[in-house]
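Structure record follows, encoded as structure tokens.
Read-outs: derived from the displayed coordinates by stated rules, not from any lab. Everything numeric in this text was worked out from a predicted model, so none of it was measured. Note that we place each Cβ from the backbone using ideal geometry, even for glycine, and neighbour counts take in every protein chain shown.
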Amino acid sequence: MKILSAKVLVTCPGRNFITLKIETDQGIYGLGDGTLNGRELAVASYLTDHVIPCLIGRDPFQTEDIWHYLYRGAYWRRGPVTMSAIAAVDMALWDIKGKALNTPVYNLLGGKSRHGVMVYGHANGKDIEQTAEEVARYTEMGYMAIRAQSGIPGLPSTYGVSKDRLFYEPAEKGLPPENVWSTEKYLNHVPKLFEKLRVQFGSDLHLLHDVHHRLTPIEAGRLGKSLEPYHLFWMEDPVPAEMQEGLKLVRQHTTTPIAIGEVFNTIWDAQQLITNQWIDYIRMTLVHSGGFTHLRKVADLAALHHVQTGCHGATDLSPVSMAAALHFDIAINNFGIQEYMRHTPETDAVFPHTYKFDKGYLLPGEGPGLGVDYDEKLAAKWPYERAYLPVNRKLDGTMFHW
Ligand code: GCO
Ligand code: MG
């Protein structure tokens, strides 16, 4: 089998998605996600201008060789644009392999290790009461794990608190919106949220919280310690992790489990975190980390060091990514949990898929390949629209982490 052609598909059914479609000389095609929130067209150009010409005529079964050809061959290694482009190719090739062999991709990754993939949903509200109402709604839908974020008294807007109840979308059209931040107000508020949730929902529900890289290591230690009585499933991105040693300090001060890595691109971003056992969950995801071929290596390194996976699964990852994540999650032994933010009906219509939610689990479906398609005609109705993630400033105007 040979790669005959490939093209990048751009659509905006409510938010932007970059999809790579690779076609073969045997009529089989594969899909890969290359969406990088707020920087989508950089990946589209990387693929169209630099990657696709090198793919034509290659054997789509050679996923390992093609991965190294694109990674080493570029000379310029790593980075979110490069790694998302490589991921799009890798995902599409595994989709082709599955279709050619008439089997779901998970069977090529070791087969099913579990009957379903436990997912967590997003409950958020403007205050603690409203967040608790949302948690109740998620438990009624069957979720066993829920991430809870609440507005902070004294701050006009907060990360993670959506305008829509079901469909959280952080990117906004136009230029980047600005949020205001106070670490002290945040640290004083969050324990009250989780105290309330434990009283109301009991001990068994898995509760998660995303800090979104906003604390210093010692502040994160304080937060983790104050949340210990409420035994969170995890505290996510407590500090920015460009300096991996920072997590050592967090670790020394709290037993609250730590998840990190949604912005990482290669195994080198997490190597010290994993081998020193400074984290409990690695959140790297297929689309931003080079696809199955690379994330498998990360998961295997993590398995040796008691680290489980918890792949990023926000709405800015397309249904192709979600499907790919489910094949990966169901196959590997050290799976921990999968994030699941529901896409809008418009997005689901562009990407018809076989995965479905059932009693707190997502099931990837039994069909060949990834089990996702792309409606090109429908997608063409929604052209690209520039949108940005927000930026964040401290009360005195200092530019801060988002
Ligand atoms: C999460 C994330 C998202 C990201 C978004 C950026 O845990 O789901 O933090 O909300 O901010 O995916 O593109
Ligand atoms: Mg996050």
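Backbone amide hydrogens, once placed in the peptide plane, bring Leu389 within less than 5 Å of Glu172, excluding anything fewer than 5 places away on its chain.
Could you run the Karplus curve 6.51 cos²θ - 1.76 cosθ + 1.60 with θ = phi - 60° over segment 354-367 and give me ³J(HN,Hα) per residue in whole Hz, x for Gly and Pro? So the Karplus estimates, Gly and Pro as x, are 9, 5, 8, 8, 8, 6, x, 10, 9, 10, x, x, 9, x Hz. Counting charges near His253 (Lys, Arg +1; Asp, Glu -1) among other residues having Cβ under 11 Å from its Cβ returns a value of +2. As a length-normalised measure over Cα pairs under 8 Å and 6 or more apart, the relative contact order of the chain settles at 23 percent.
Within segment 301-402, report the GluC sites (Glu not before Pro) that DSSP leaves as loop and that have at most 14 other Cβ atoms within 10 Å.
Numbers: sites: Glu339, Glu346, Glu366, Glu376, Glu385; in loops: Glu366, Glu385.
Passing both the DSSP loop test and the Cβ count: Glu366, Glu385.
Summarising the amide proton neighbourhood of His213: residues at separation of 5 or more, or on other chains, whose placed amide H is nearer than 5 Å comprise Val239. Partners of Lys126 within straight-line reach, counting lysines whose Cα lies under 17 Å from its Cα and excluding those fewer than 8 residues away in the same chain: Lys163, Lys185, Lys192, Lys196. Against the chain, whose longest principal axis is taken from its Cα atoms, helix 217-227 shows a tilt of about 70°.
Evaluated over the Cα positions of segment 171-226, the convex hull gives a direction-averaged projected area, one quarter of its surface, of 5.5 nm². Please tell me which of these pairs span more than 24 angstrom C-alpha to C-alpha: Lys21/Lys99; Lys7/Lys381; Lys21/Lys112; Lys2/Lys356; Lys248/Lys394? Going by Cα-Cα distance, Lys21/Lys112; Lys2/Lys356; Lys248/Lys394 fall outside the 24 Å limit. Backbone geometry of segment 126-139 corresponds, through the Karplus equation with coefficients 6.51, -1.76 and 1.60 at θ = phi - 60°, to 3J(HN,Hα) couplings of 6, 9, 4, 4, 5, 5, 4, 4, 5, 4, 4, 4, 5, 5 Hz, x marking Gly and Pro. Note on the chain: GNM, Cα springs under 10 Å; of Lys377, Lys196, Lys21, the largest mean-square fluctuation is that of Lys377.
When the square roots of the Cα gyration tensor eigenvalues are ordered a ≥ b ≥ c, the ratio a/c for segment 3-104 is 1.5 or more and a/b does not exceed b/c, which makes its shape oblate.
Restricting things to Cα coordinates, could you compute the convex hull volume per residue of segment 287-383 in Å³? Show your work: numbers first, answer last.
On the way: hull volume 10.5 nm³, N = 97.
Hull volume normalised by residue count: 108 Å³.
For Gly174, what is the net charge nearby, where nearby means another residue's Cβ is under 11 Å from its Cβ and Lys, Arg count +1, Asp, Glu -1?
Net charge in that neighbourhood comes out at 0.
The stretch between Glu184 and Glu346, if pulled fully straight at 0.36 nm per residue, gains 54.3 nm over its current Cα-Cα span. Take the Cα of Lys248, step 7 Å toward its Cβ, do the same at Asp204, and the gap between the two points is 4.2 nm. Distance between Cα centroids, segment 80-101 to segment 11-75: provide it in whole Å. Distance between centres, Cα-based: 7 Å.
Largest GNM mean-square fluctuation among Cys12, Cys311, Cys54, using the chain with Cα springs under 10 Å: Cys54. Compared with the dominant principal axis of the Cα atoms in the chain, helix 183-201 is inclined by about 90°. Working note: Karplus 6.51/-1.76/1.60 with θ = phi - 60° gives segment 110-116 the couplings x, x, 5, 9, 7, 7, x Hz, where Gly and Pro are set to x.
For the chain, the 222 nm mean residue ellipticity estimated from helices alone, with every DSSP H stretch of n ≥ 4 adding -39500 (n - 2.57) and the total spread over all residues, rounds to -10000 deg cm²/dmol.
Identify which of Glu134, Glu236, Glu172 has the largest mean-square fluctuation in a Gaussian network model of the chain, with springs joining Cα atoms closer than 10 Å. Highest fluctuation of the listed residues: Glu172.
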